[in-house]
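Structure, as structure tokens:
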Amino acid sequence: MLKKTTTMNKLEILEKIKRNNTREREVVQALKKDNGLLWEQNRVVYMDRRIYIPNNKKLKKKILQENHDLPDMGHPRQQRMMELLKWNYWWPGIKEDIKKYV
């Protein structure tokens, strides 16, 4: 089950993903393999119940901000951010993006 996102809710994120319609090469190849790890539903790709975030810098930045910059979050460090984001999202290079952001 997906955890609640604070400011930008899941429906907004899903709508932005549907409008974006871009995917990294490795995601397209994995979908073609049909190994059960990745699946697509309503133009959104999932992996193990997590939402694939396409290569959209603005969307990724917004997700990173909302999981780090909120006063009640206490500015989590890199490892805690990774744990928080991995509940709901994934994208190639997520670890590096978190490291740069934190």
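The values are calculated or read from the model by the stated rules, or taken from the named source; none is laboratory data. Given the structure is predicted, the values throughout are model-derived calculations rather than measurements. Don't worry about glycine lacking a Cβ; one is built from the backbone with ideal geometry, like all the others, and counts go over all protein chains shown.
Any idea which residue in the stretch 43-57 is nearest to Gln78 (Cα to Cα), counting only those that are modelled with pLDDT under 90 and of a type in the set (Lys, Arg)?
Looking at residues that are modelled with pLDDT under 90 and of a type in the set (Lys, Arg), I get Arg49.
Out of everything in the stretch 80-90 that is in contact (Cβ under 8 Å) with a residue 40 or more places away in the chain and either touching a strand residue (DSSP E or B) at 6+ places or on another chain (Cβ under 7 Å) or among the polar types (S, T, N, Q) (or both), what residue ends up being surrounded by the fewest Cβ atoms within 10 Å (Cβ to Cβ)?
Trp90
Kindly indicate the residue of the stretch 32-61 that is surrounded by 18 or more Cβ atoms within 10 Å (Cβ to Cβ) and assigned to a helix (DSSP H, G or I) and also nearest to the chain's Cα centre (by Cα) among those meeting that condition.
Lys60
Are any residues in the stretch 63-79 part of a helix (DSSP H, G or I) and either over 21 Å from Glu96 (Cβ atoms) or modelled with pLDDT under 70 (or both), and if so, which ones?
Our first condition is that a residue be part of a helix (DSSP H, G or I); within the stretch 63-79, this holds for 63-66, 71-73, 78-79.
Matches in the stretch 63-79: Pro71, Asp72, Met73.
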